[in-house]
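Participant: Sharing a structure here in structure tokens format.
Read-outs: derived from the displayed coordinates by stated rules, not from any lab. All figures in this text were calculated on a predicted structure; none of them were measured in a lab. Cβ sites come from the backbone with ideal geometry, for glycine too, and all protein chains shown count toward neighbours.
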Amino acid sequence: MSKADPAASMSRPLRLYAYLGDAASDAAVRRAAEDWAGSVEVRRGDVRTATRDLQKERSPDVLLVDIGGIELPVSALENLAAVCEPNVRVIAIGEANDIGLYRQLKQLGVAEYLFKPLKADLVAAAIMGEAAPAAAAPGRRGNLIAVFGARGGVGTTTLAVNLASYLADVERRRVALVDLDVHAGTAAFLLNLPPGRGLREALESPERVDEVFLSRALHAASERLDVLACEEPMSERVETRTDALLGLIEKLQRRYHYVVVDVPRALAPSGRAVIDRAGLRLLVCDGSLAAARDVVRLRAAFDGIGHKTLTVLNRKGAPGELAAADLRKALGGVPDHAVAWQPKPLAQAAALGRIAVQDCRAFRASVAGLAQAVTGRAATRPGLVRRLLGRRGAAA
């Protein structure tokens with residue numbers, strides 16, 4: 001929950017939703033919004049209604065929610081924050097002038113608290129402040145996850161794609177997946193999407209990147225998963241400016257709960273910058289001695305930066321891997337997560353342009369464990385997972 005991004009407001013009309021429980025508040029908000037330059041939609045309900053609706057649709061720029069009569073308003077707003085996109089600015093409307101509640105809501109990230117009976121001029125001041133550049137603030141950002149391999153060919157992109165899909169389609173979060181290998185476009189291929197030119201343009205011309213640009217550049221893989229990937233000719237050199245890439249990721253973090261970045265093994269300065277900034281890093285390896293050696297070197301390079309790095313052993317049980325005791329010795333400990341070797345279902349999924357977590361129960365369980373480490377939440381019930389992923393497959 002944050003103030004609306006002024007750069008976004010310059011490129012598209014702002015949207016305001018209000019969830020109100022009484023006619024007097026409805027009338028006050030409508031009067032206050034008469035000079036609002038964007039669209040206004042007043043809906044009958046409260047913060048719980050808003051949470052239910054925003055699980056299914058894109059968030060507005062400004063959201064007014066009624067918390068009057070809610071037994072645990074802070075908990076209700078925490079639930080709302082879980083489904084709102086990070087750049088939404090929330091104004092809470094209650095029934096009492098309670099300074100203690102006000103402080104709790106501000107700590108949660110609520111922009112303003114107004115109490116009933118609402119005065120149109122105060123509501124207008126709270127609303128109209130969103131359109132003024134002086135009111136802009138960095139606001140809440142989504143979580144940045146960097147996925148990179150200890151060596152090439154260990155299945156990094158497959159894990160990144162399936163993790164992003166699980167977070168979007170099962171955990172019901174809005175997720176952006178960015179494939180930084182601009183010549184391969186593997187993430188788009190695995191999701192059966194056409195690679196575009198948006199990523200290259202964003203990296204070479206960062207001044208063009210605004211809300212309209214992102215809406216056109218991102219390809220929808222599902223209702224809540226958008227992908228930014230390209231497949232440039234191998235003969236062409238693509239300049240990846242670090243400042244441009246970090247600026248792009250920051251804009252994505254304001255739109256999405258999670259930004260999953262597939263970082264190529266060749267650690268260019270831009271890729272290293274993403275790993276440095278990521279709140280969570282997933283270091284993928286297989287069970288070979290060479291991969292274990294590189295895991296130790298990479299962890300030594302990144303562990304001191306302060307963010308969390310998890311080692312993910314992919315293709316556990318594949319022929320030729322080290323014995324378990326030897327692998328622990330080579331890694332200096334047990335991997336944080338392990339993903340079982342499932343060559344046939346993964347190859348079939350890739351050939352059909354499907355997501356492996358849809359069709360392979362063992363692989364899905366491994367990805368669910370990764371998702372739990374990312375979200376900090378208990379794994380979603382298996383029956384519900386199958387229904388959610390089945391719904392995604394039907395919609396694709």
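Participant: Just to confirm the number: angle between the C-alpha axis of helix 242-253 and the first principal axis of the chain, 0 to 90 degrees, nearest 10?
Facilitator: Relative to the chain, helix 242-253 is tipped by roughly 60 degrees.
Participant: Bin width 10 Å, alpha-carbon pairs only: give the P(r) of the range 248-369 as whole percents, running from 0 to the bin holding the largest distance.
Facilitator: 11, 36, 36, 16, 1
Participant: Among Leu77, Leu190, Ala120, flag the residue with its Cα farthest along the positive direction of the charge dipole of the range 72-212, charges on Cβ as +1 for Lys/Arg and -1 for Asp/Glu.
Facilitator: Farthest towards the positive end: Leu77.
Participant: How big is the charge dipole of the range 143-395 about its Cα centre, in debye rounded to the nearest 20, if each Lys and Arg gets +1 on its Cβ and each Asp and Glu gets -1 on its Cβ?
Facilitator: Around 1020 debye, computed over the range 143-395.
Participant: Can you pull the Kirkwood radius for the chain, inverse mean 1/r over Cα pairs, to one decimal in Å?
Facilitator: After inverting the mean inverse Cα-Cα distance, the result is 22.4 Å.
Participant: Once you place label points 7 Å from the Cα toward the Cβ at Ala365 and Ala37, how far apart are they in nm?
Facilitator: 5.5
Participant: Here is a further query. Only Cα pairs under 8 Å and at least 6 apart count here; give the relative contact order of the chain as a rounded whole percent.
Facilitator: With pairs under 8 Å counted, the relative contact order is 16 percent.
Participant: Where both partners of a DSSP beta bridge lie in the range 143-395, what percent of those bridges are antiparallel, to the nearest 5? The partial results should precede the final answer.
Facilitator: Working: 2 of 32 bridges.
In the range 143-395, DSSP labels about 5 percent of beta bridges as antiparallel.
Participant: Return the distance in nm (one decimal) between the two label points of a simple spin-label model at Leu246 and Asp53, each offset 7 Å from Cα along Cα→Cβ.
Facilitator: Inter-label distance under the simple model: 3.9 nm.
Participant: Peptides 274-282, 235-243: what's the order by average Cβ count within 10 Å, highest mean first? Please list the in-between numbers first.
Facilitator: Values: 274-282: 20.7, 235-243: 11.6.
Those peptides, ordered most packed to least, come out 274-282, 235-243.
Participant: If the convex hull of the alpha-carbon atoms of the range 6-135 is projected onto planes in all directions, what is the mean projected area in square nanometres?
Facilitator: Working: hull surface 29.1 nm².
Reported value for the Cα convex hull: 7.3 nm².
Participant: From the Cα gyration tensor of the range 192-288, with a ≥ b ≥ c the square roots of its eigenvalues, which class applies: rounded if a/c is under 1.5, or else prolate if a/b is larger than b/c, or else oblate?
Facilitator: Because its axes are fairly even, with a/c under 1.5, the range 192-288 counts as rounded.
Participant: Output the 0 to 90 degree angle, nearest 10, between the alpha-carbon long axis of helix 343-352 and the longest principal axis computed from the alpha carbons of the chain.
Facilitator: The helix 343-352 is inclined about 60 degrees to the chain.
Participant: Moving on. Calculated from DSSP H runs of 4 or more alone, at -39500 (n - 2.57) each and per residue, what is the 222 nm mean residue ellipticity of the chain, nearest 500?
Facilitator: Result for the chain: -12500 deg cm²/dmol, rounded to the nearest 500.
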